[in-house]
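Contents: one structure, followed by commentary.
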Amino acid sequence: MLENLVVKIVSLSVRRSWAVILALLVLTLAAGFYTAHHLRMDTDTTNMISPELSWRQENAHFNDLFPQNVGLLAVVIDGKTPDLTSEATSRLCDKLQERTDLFISVRRADSGPFFDRYGLMYLPPDELQKIADSVIRAQGFIGSLRADPSIRGLMGVLDLALEGVAQKAARIDDIEKPLSAVAGALSATMSGDMTPLSWRSLMIDRKIDPNELRHVILTQPKRDFGALKPGAKATAFIRQTSRELGLTAENGVTVRLTGPVALSDDEFGTVAEGMSWALAASTILVLLWLFLALRSFKLIAATFITLFIGLILTFAFAAVTVGSLNLISVAFAVMFIGLSIDFGIQFGVRFGQERFEADDDTALPRTGRVMARPLTLAAAAIAVGFLSFLPTDYRGVSELGLIAGGGMAITLVLNLTLLPALLALFKPRGRALDMGLSWLAGADAFLLRYRWRVLAAWGVIAILGAILSTQVRFDFNPLHLKDPKTESVSTIYDLMRDPLRSPYEIEILAPNLAAAEALLPKLKALPEVYQAITASSFIPKDQDKKLAILDDLNMLVGPSLSPESVKAPPSLEEDRAAMHHTAAMLRETAESSDIAQQLARLLDQAADSDPSVYPQLRHALLSGLIPRLNSVAAALTATKLTVDTLPPEMRRDWIAPGGEVRVMVVPAGDSNNNRTLERFVAAVRTVAPDASGPAIQIYESGLAVSRAFQHATLWAMGAIMILLLIVVRRPWDVFLVLCPLLLAGLATIALLVVFNISINFANIISLPLLLGIGVAFNIYFVVNWRNGVDAPLQTSTARGVLFSALTTGSSFGSLAMSSHPGTAGMGLLLLLSLGAVLVTIFFFLPSLLGPPPRPRRSK
């Protein structure tokens with residue numbers, strides 16, 4: 001019945017070729033129009049896993065309570081000095097907060113007024129006392145500079161210090177540190193380097209903490225999930241504003257973007273770029289293999305037109321059924337080319353063989369009769385392999401499965417209607433050629449003569465693959481799928497050097513503050529935990545002792561920070577004269593000091609420079625002065641801190657409006673290591689089973705994907721077995737189809753272990769493709785064998801399978817050219833698995849089949 005039905009369809013398509021072509025052309029134009037207006041990109045990766053899973057619901061509940069931590073775009077600011085970093089962060093944050101049209105929220109994560117006021121309270125009392133002593137020693141300088149914050153004022157302070165040296169009240173060694181700092185700033189400015197003087201280093205006698213050179217602004221951009229890069233507008237504004245503010249490497253500041261939004265945007269940009277290259281390379285290679293396979297430009301044109309129309313119709317099918325493409329399902333375009341072209345090659349090669357045997361008007365219907373069963377079975381098997389993912393929790397692949405399954409139905413119909421109609425219209429001419437592979441006659445003979453030895457060798461490979469299967473790893477870390485060269489990824493890796501900045505924390509919800517505090521000692525006792533933080537963690541210890549130190553400091557230094565009057569800004573000539581005067585005093589008072597003499601030369605040089613240089617000099621010497629003095633003044637106003645007196649925005653970060661309290665747990669060790677994260681998640685769950693957060697999310701996502709593929713593979717194998725039993729009705733034939741597939745799977749596993757390739761979220765989609773392609777190819781050979789073909793490798797079927805594999809491999813392998821590691825890894829594994837399928841078909845299946853069950857004949 002199937003053969004007769006296909007013959008009728010092909011014959012009708014040949015007779016009504018113009019009608020078929022025009023009808024499908026109109027349908028394609030309508031489909032293209034519909035797709036352009038309805039198919040969109042869903043770049044929200046959270047939609048790729050079913051929201052019904054318990055851990056997804058726990059995560060959603062946490063996000064509802066603390067929405068300010070969702071969809072973050074982190075701005076990382078690094079400066080050469082603490083003052084430069086602080087000033088850059090403040091200026092940029094102010095600009096971002098003005099743009100409520102681009103940002104839902106903007107906040108400074110580790111700096112700002114609160115940390116200016118209470119930052120010193122987090123130091124140990126003895127260290128705080130040392131800082132207080134250093135500020136007291138600088139009291140005279142502070143008062144003078146507060147009253148005259150100018151080059152003139154700075155020179156006056158240096159003059160005062162030099163007078164002390166001249167009167168033997170101080171040694172030159174005591175003031176070499178500020179002299180060296182001023183000299184360094186002047187030297188840098190005169191040579192074009194805009195790194196300003198670090199007043200933090202001069203006023204506070206304490207080693208600079210690396211965290212003082214880096215601050216982070218957390219923003220929540222308003223995203224457009226219909227765009228390829230949802231956060232593009234906010235990102236562009238941050239970069240433009242940074243340039244306008246002069247926050248550049250030339251000025252001693254770097255501004256980088258990372259966080260979930262930047263990581264996602266960069267990834268989609270890389271994927272899109274890689275997919276474009278893959279499509280271009282795939283198309284070129286497919287055309288090459290088509291020519292070698294079909295040996296006719298008209299056959300190639302017909303096949304390529306069929307492929308192109310099928311692709312557009314499948315896009316329309318995706319628009320109707322799922323409405324959007326995600327990071328995984330967008331790969332269907334490249335896959336469709338590889339899978340669909342197989343049908344075109346098989347039909348085209350068989351048509352060439354039929355012309356070779358009898359070039360008349362019945363060649364196309366005869367081709368339809370021969371190809372009816374294998375093409376239909378192959379399309380059904382591939383569709384079943386993909387559709388088996390529909391009921392899984394991995395929505396990214398389940399949608400890919402639906403699209404690809406529909407695409408197989410579309411390409412089957414087109415190859416039995418449009419392709420014959422085009423061939424009837426084009427009427428390929430020229431000498432018909434034998435489409436078989438006669439040069440493989442020796443391989444046919446060898447595989448049959450040494451049949452049992454070949455099967456034994458493959459048995460060893462199967463055993464080896466089964467043993468190695470225990471060593472295959474699933475890499476659930478999404479960072480490993482991203483391009484490390486992109487700014488967002490390189491920045492997150494840089495941040496992860498500090499455990500407290502790891503993006504893989506765990507979040508725990510406690511009903512109240514007391515319950516949260518009760519969890520802290522239990523969590524901190526776990527060796528897998530680096531730190532556990534809640535609202536009470538921001539309350540300094542030994543507050544009474546520290547406040548006493550600050551009160552004493554305020555009594556001594558406070559008046560100097562609030563002068564009764566401030567001098568009017570000096571003129572250029574006053575600044576020039578002040579620098580010359582200080583240079584002269586340096587030469588006279590500190591003749592033996594190299595640093596002092598160097599500063600004298602630099603001061604004279606700066607004083608005699610062009611007036612246009614003076615703004616740069618003022619910036620280099622004084623830009624950090626007032627902010628640093630303000631910071632010191634703020635620290636002197638610190639009062640006793642409690643959870644209730646935390647600033648509202650900080651309190652809201654840790655305590656929800658309903659009273660629920662957030663506990664953040666940070667992993668110990670390398671959080672980019674999967675085993676570290678696995679142990680971290682397992683350990684924290686012993687204390688808080690309902691924990692959520694990024695570490696839980698990526699760990700559970702890996703489990704969900706792994707389970708999805710295990711279940712889908714079993715369902716696909718079962719469905720394919722049932723399909724084959726219904727169609728071929730011989731259990732032995734089903735075994736002949738599936739046995740090489742199992743062997744190819746074991747060989748692929750062995751290759752994964754040998755080449756140290758992990759299974760991940762992206763390349764795992766090779767598994768359904770391995771099922772579909774392997775079953776399709778095997779069916780072609782088993783059907784021929786059942787029909788009595790005794791030289792399987794010399795047939796036109798073998799030629800079709802070989803070149804179909806080459807075109808499909810080129811299509812999938814072109815993905816490996818992508819700069820996106822996930823896409824490239826997917827292409828590599830697809831290529832390896834397809835290679836394993838091809839090798840088992842050509843060098844195992846003929847031995848497994850043995851002599852055909854019917855009288856032998858050539859095909």
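This model, with +1 at the C-beta of Lys and Arg and -1 at the C-beta of Asp and Glu, gives the chain a dipole about its Cα centre of some 4680 debye.
Which stretch or stretches of region 740-754 have amide N atoms under 17 Å from the point lying 7 Å from LEU464's Cα along the Cα→Cβ direction? Taking a point 7 Å out along Cα→Cβ of LEU464, the residues of region 740-754 whose backbone N falls under 17 Å are 743-754.
For region 89-217, the share of alpha carbon pairs falling in successive 10 Å distance bins from zero is 10, 30, 33, 20, 6, 1, 0 percent. Mean residue ellipticity, 222 nm, helices only, the chain: the sum of -39500 (n - 2.57) across DSSP H runs of n ≥ 4, divided by residue count and rounded to 500, is -21500 deg cm²/dmol.
Counting DSSP beta bridges with both partners in the chain, what percentage is antiparallel, nearest 5?
Values: 29 of 34 bridges.
About 85 percent, rounded to the nearest 5.
A DSSP coil position with no more than 15 other Cβ atoms inside 10 Å describes the following chymotrypsin sites (Phe, Trp or Tyr not before Pro) in region 413-519: TYR450.
Of the residues SER565, LEU390, TRP55, the one whose Cα sits farthest toward the positive end of the charge dipole of the chain, with +1 on the Cβ of Lys and Arg and -1 on the Cβ of Asp and Glu, is LEU390.
With respect to the cross-link table entries LYS222/LYS485; LYS130/LYS524; LYS233/LYS522; LYS168/LYS567, which display a Cα-Cα separation exceeding 32 Å?
In this structure, LYS233/LYS522 exceed 32 Å between Cα atoms.
Sorting PHE317, PHE389 on the 10 Å Cβ count, fewest up front, what's the list?
Neighbour counts put them in this order, fewest first: PHE317, PHE389.
How big, on average over all directions, is the shadow cast by the Cα convex hull of the chain, in nm²?
Reported value for the Cα convex hull: 45.1 nm².
Projecting label points 7 angstrom from Cα along Cα→Cβ for GLU649 and LEU572 puts them 4.0 nm apart. Site pair GLU588 and ALA525 shows an inter-label distance of 7.2 nm when each label is modelled 7 Å from Cα along Cα→Cβ. Farthest towards the positive end of the charge dipole of the chain, among the residues ALA441, GLN471, PHE237, is the Cα of ALA441, using unit charges on the Cβ of Lys, Arg, Asp and Glu.
Projecting each Cα onto the charge dipole of the chain (Lys/Arg +1, Asp/Glu -1 at the beta carbon, about the Cα centre), which of VAL734, MET555, ILE172 comes out farthest on the positive side? Value: VAL734. Of the peptides 694-702, 679-687, 516-524, 206-214, the ranking by mean beta-carbon count within 10 Å, highest at the top, reads 694-702, 679-687, 516-524, 206-214. Between LEU500 and GLN471, the C-beta separation translates, for a Förster distance of 30 Å, into a calculated FRET efficiency of about 0.30. Applying 1/(1 + (r/R0)^6) with R0 = 30 Å to the Cβ-Cβ distance of ARG40 and SER490 gives a FRET efficiency near 0.50. Loop-located GluC sites (Glu not before Pro) in region 11-96 (DSSP state not H, G, I, E or B) with no more than 10 neighbouring Cβ atoms inside 10 Å: GLU52.
The alpha-carbon of LYS177 sits under 18 angstrom from the alpha-carbons of these aspartates and glutamates, leaving out residues fewer than 8 places away in its chain: ASP83, ASP133, ASP159, GLU163, ASP205, GLU591, ASP594. Helices assigned as whole DSSP H runs in the chain whose Cα atoms extend at least 27 Å along their own long axis and whose mean Kyte-Doolittle hydropathy is 1.0 or higher are found at 17-38, 260-294, 297-321, 363-387, 395-416, 694-728, 731-754, 766-786, 821-843. By other beta-carbon atoms within 10 Å, ranking ILE300, ILE312, ILE136 with the fewest at the front produces ILE136, ILE312, ILE300. The charge dipole of region 376-510, taken about the Cα centre with unit charges on the Cβ atoms of Lys, Arg (+1) and Asp, Glu (-1), comes to about 920 debye, rounded to the nearest 20. Listed from fewest to most Cβ neighbours within 10 Å, the set HIS38, HIS581 follows the order HIS38, HIS581.
Here, each number is a calculation from the coordinates, and none is a lab measurement. None of these values were measured; they are calculated from a predicted model. Neighbour counts run over all protein chains shown; Cβ positions are idealised from the backbone, glycine included.
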